[in-house]
Structures are given as C-alpha cells and as structure tokens.
Amino acid sequence: MHREIAKGVYYVGVDDNLTDLFENLWKLPFGVSYNSYLIVDEKIAVIETVKGPWSEEWLNNIREVVDPSKIDYIILNHMEPDHTGALPDISEIVPNATIVYTPFASKIRHSFYDIPNPEKKVADLEELSLGSKTLKFVHAKFLHWPETMMTYIVEDEILFSCDAFGAFGSLNGKLFDDEVNMDLVEKESMRYVSTIITSYFKFVQAGIKKVKDLGIGIKVIAPSHGPVYRKDPMWVVDKYDEWSGPDMVKKCVIVYGTMYGFTHRTAIMLKKELLGHGVDVRLHNLSYSELSQVITDTVRAGVLVIGTPTYDAFPYPKVWGFVNEVVGKRYPKRPIALFGTHGWGGGGVKKLRTQLENAKFEIMEPVIRCHGRPKAEEIQQIKDLAKSIADHLK
Ligand SMILES: Cc1cc2nc3c(=O)[nH]c(=O)nc-3n(C[C@H](O)[C@H](O)[C@H](O)COP(=O)(O)O)c2cc1C
Ligand SMILES: [Fe+2]
Ligand SMILES: [Fe+2]
C-alpha cells in the first residue's frame, strides 16, 4: 500500500515483521520498516529501495501510483542493503533510470551490485530539479555510513533523513507521528540509536548542527525506518540530540555474567550497597538480558560496572563480548568499575581492565577480585566502591 505525504510525494515502503534480528544481531520484537518514497513530478524519482526479499511488495506499492518503468531517478541516500537490496530488481525494470548518490556511494554501489544504470554523483548541497520540485542533497557522513546523504524537497520542506531519526518497529498501516504509539516509538528509536549509531554519536551531533545551520524550514522529517514526523518533526531531532549528547544519566548499571552464582552474589551485594546510598541502579545478567537492551541501558549510564568470572583464563565469553561492544561502539567516556571472581589463577578482570584502559576509559578503584565468594576484605571493597559510585553520581 502507499500513503500520500504531500502533493505528489508518496510513502511506498514496506514492513518487515519476519526478521528476528536486525543486522543478524539486534532483536526486533516489533519488526522494522524499510521506508521508501516516490516523488511524482515532471520527472519521477524514488528515494531508497528496500531490503531484497521485500522487493516485490515495494514494486507493487509503486505500481499503485505510477508504472515503475517510468522512473527517472533512483535516489540512494545510503548503500546499506536494507535500503538497496531491491536495486537489482528495479534495475531490471528501468535499466536507464539514473542513480543519484554521493561519489563515495558510487564506489560502494559498484562493489555491491552488477547493474547497468547510469549514475549522477552529487556534491554536498547540490540541487536537482524534477520540474516543480527541487531536490537538495545534504551529505551526512557516517549517518550511518561514510557515503550517506539526506535528500530535501525545497518547496515542500520535507527532509528524507535516511537512517538518522529512524526507529525500529514496523508501521502496520500507520505512518505519521500523530498516528502511531509514540511511547513505543520513543523506546524503539532509542534502542535503534544505541545499537546502530552509538559509534557515530559525534556525527549525529554534527549532522544536527549542519541541518540547523542550513537554516532551511523543516515541515516533515521522513526517515528510512519508523514513522514520518509531520506533527512535531523537532521532537525526534531533540531526542537524537539528547541521546547522542555528552550528558550521562545519573544512574549505575551493573552488567555481569555468572556460571554458578559467585559473580551474581557480588553483583547483588554491590546493588544493595548502592541502593543504600540512594543510587538509581539496575542489573543485567548477560545470559538473560537481550544485548540490544543492555546496550541501550548502558550507553549513557553515569557509571558502568562490569563483573565477570574467569573462564579458561579469560573473561566470561558473554562479558568479553559486551566489553568489545563498549569499546567498538566507542561508548562516551565515563568511569567504569570492575569486579570478578576466579577459582585459581584468575585473569578475567585483568584482561577487561587492559582492554578498557587501552580504550581510554577511567577504571574506578577499588577493582574487586574475589577468590571464590566475597569475604570480609572484598565485602569492605564492595562498600568502598558503592560509596565512590554514589559520590560520582551526586
Ligand atoms: C568452565 C570454567 C572455566 C574456568 N576457568 C578458570 C580459569 O581459567 N581460571 C580461574 O582462575 N578460574 C576459572 N574458573 C573458576 C571460576 O572462575 C570461579 O569458580 C568463579 O568463582 C565462578 O564464578 P561464577 O559462580 O559467577 O560463575 C573456571 C570455571 C569454569 C566453570
Ligand atoms: Fe544503515
Ligand atoms: Fe537502515
């Protein structure tokens, strides 16, 4: 199905309620949408395609409005296959449609797809007339990849922002911010930002500044995932600004793994002490909490505490994996506290410490290492650490 957004501008995207894991990593309990937009003017342009398996449904959405063989321009804001997977299918229908994207995207296109379509590489802020409507292309480096751009219709003041301002969650026939459940959108866009874009927070900040500095009017923000914002487009801009900004939340999150409960016992003791200091504290056992939720909860936690048993001289695998996310996603800096238990030589906590210090995180003292269960000395350390964390969060 399609929906009209403005005169001659249509939503022709699709819902994905089948994929279990986005990027084969992140849970999609409410699905995800691959948004695509059709602009019908003297020239016809389509913005983004969809993920490959949804290509037929997408083409049928276009067919409800125009014959896809009449398309003049295929505008690709971003080359990731959730937006370009259907490119070979549309190319078969319109091998002469011109693909419009950044010079960097051209290189990726030729590496991904063997299709004959001509191309137009656009410079930052370059414009393209479709007749009565003018498209302006705004390069948006690393939102989400280095080749990404946004597309803006000058006359309608609609910004097609691509992955930026997107959200998980399929649309199920509803499209606009005044039609959807915004509580769910808020949760699902925060989880989307945290899992997909955390590494690029400074580019989110730069992108927001760039769009604001252009001084263009924005009546509608139409991202490539999730709802279209027409009632309050600045809502999502402000949220993204806050979520990618430097201010941490005054809370402590304890993330740990455990096989037989010794690390768990330590985590619980620390939690109790922190609650005694009035700290907002939550716990994630990595064997039970879903990783995207753990990342969403920790990415802006004022203090992060990580606990691990030693497992074959290394950190427990799930904890090791989480710490690699903290480093790989370039979590904003804030103090990290560490604790762990071991049966003989240990090594888990030490390896976590080295990894995190190499990534320039400040490690809080004391670092707690228990031989087996926590005993008097470690129980005192737990109290001392809780006090330091509470002081830091004041
Ligand atoms: C599969 C396995 C591998 C382990 N490898 C090590 C090790 O290499 N070095 C060490 O000091 N302890 C090792 N231990 C002992 C645990 O680190 C220790 O019992 C710890 O207290 C377990 O914490 P937990 O009860 O939170 O799982 C190992 C335990 C298991 C079950
Ligand atoms: Fe992307
Ligand atoms: Fe995407």
Exercise. Let me know the charge dipole size of segment 220-275 about its Cα centre in debye, to the nearest 20, where only the beta-carbon of Lys, Arg (+1) and Asp, Glu (-1) is charged.
Key: 320
Exercise. Using only the alpha carbon atoms of segment 249-393, find the Kirkwood hydrodynamic radius as the inverse mean reciprocal pair distance, in angstroms to one decimal.
Key: 14.7
Practice problem: Would you work out which of 198, 225, 69 lies farthest towards the positive end of the dipole of the chain, given +1 charges on the beta-carbon of Lys and Arg and -1 on that of Asp and Glu, about the Cα centre? | Solution: 198
Practice problem: Compare the Cα positions of 17, 285, 153 along the charge dipole of the chain (+1 at Cβ of Lys, Arg; -1 at Cβ of Asp, Glu; about the Cα centre) and return the one farthest towards the positive end. | Solution: 285
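Assuming R0 = 41 Å, can you tell me the calculated FRET efficiency for the pair residue 172 and residue 376, based on Cβ-Cβ distance, to the nearest 0.05? Please list the in-between numbers first.
On the way: r = 57 Å, r/R0 = 1.39.
So the FRET efficiency works out to roughly 0.10.
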Quiz item: How far is it, in nm, from the label point at residue 179 to the one at residue 344 when both lie 7 Å from their Cα along the line to the Cβ?
Solution: 6.4
Practice problem: Using Cα positions and a limit of under 17 Å, work out the aspartates and glutamates in reach of residue 239, with same-chain residues fewer than 8 apart set aside. | Solution: 163, 177, 178, 183, 186, 188, 247, 297
Quiz item: For helix 376-393, what angle does its Cα long axis make with the longest principal axis of the chain, in degrees from 0 to 90 and rounded to 10?
Solution: 40
Quiz item: For the chain, what % of the accessible area comes from carbon and sulfur atoms, probe 1.4 Å?
Solution: 52
Quiz item: What full-extension length gain, to one decimal in nm, is calculated for residue 25 and residue 275 as 0.36 nm per residue of separation minus the Cα-Cα distance?
Solution: 86.7 nm
Quiz item: residue 324 to residue 213: FRET efficiency via 1/(1 + (r/R0)^6), r the Cβ-Cβ distance, R0 45 Å, to the nearest 0.05?
Solution: 0.80
Exercise. List, in order, the whole-Hz ³J(HN,Hα) value for each residue of segment 314-325 obtained from phi through the Karplus relation with A = 6.51, B = -1.76, C = 1.60 and θ = phi - 60°; use x for Gly and Pro.
Key: 10, x, 3, x, 5, 6, 4, x, 5, 5, 5, 5
Quiz item: Where does the chain land at 222 nm, in deg cm²/dmol rounded to the nearest 500, when only DSSP H runs of n ≥ 4 count, each adding -39500 (n - 2.57), divided by all residues?
Solution: -10000 deg cm²/dmol
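Which order do the peptides 137-148, 214-225, 315-326 take when ranked by the mean count of other beta-carbon atoms within 10 Å per residue, highest first? Before the final figure, lay out each step's value.
Details: 137-148: 21.9, 214-225: 18.7, 315-326: 20.2.
Packing proxy ranking, top to bottom: 137-148, 315-326, 214-225.
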Practice problem: For the pairs 27/209; 7/210; 350/375; 43/210; 209/329, note any where the Cα-Cα span goes beyond 25 Å. | Solution: 27/209; 7/210; 43/210
Quiz item: Rolling a 1.4 angstrom probe over the protein heavy atoms, how many square angstrom per residue are accessible across the chain?
Solution: 42
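In whole Å and largest first, what semi-axes does the C-alpha gyration tensor of the chain yield when each eigenvalue is scaled by 5 and square-rooted?
Values: eigenvalues 433, 81, 63 Å².
So the equivalent ellipsoid measures 47, 20, 18 Å along its semi-axes.
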Quiz item: Give me the Kirkwood hydrodynamic radius of segment 1-122 in Å, from all C-alpha pairs, to one decimal place?
Solution: 14.6
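Suppose every Lys and Arg Cβ carries +1 and every Asp and Glu Cβ carries -1, with no other charges. What dipole size does segment 140-201 come out with about its Cα centre, to the nearest 20 debye? Mind dumping the intermediate values first?
Numbers: 4 positive and 11 negative charges, 81 e Å.
Once rounded to the nearest 20, the dipole reads 380 debye.
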Self-check item: Cα lying deepest toward the dipole's positive end in the chain, options 30, 371, 47, charges on Cβ
Solution: 371
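The values are calculated or read from the model by the stated rules, or taken from the named source; none is laboratory data. Remember, it's a predicted structure, so these values are computed and weren't measured experimentally. Note: ideal-geometry Cβ built from the backbone for every residue, glycine included; neighbour counts use all protein chains shown. Ligands, DNA and RNA are stripped out before the accessible areas are found, and what is left, the full protein with its side chains, is counted by its heavy atoms. Shrake-Rupley method; radii C 1.70, N 1.55, O 1.52, S 1.80 Å.
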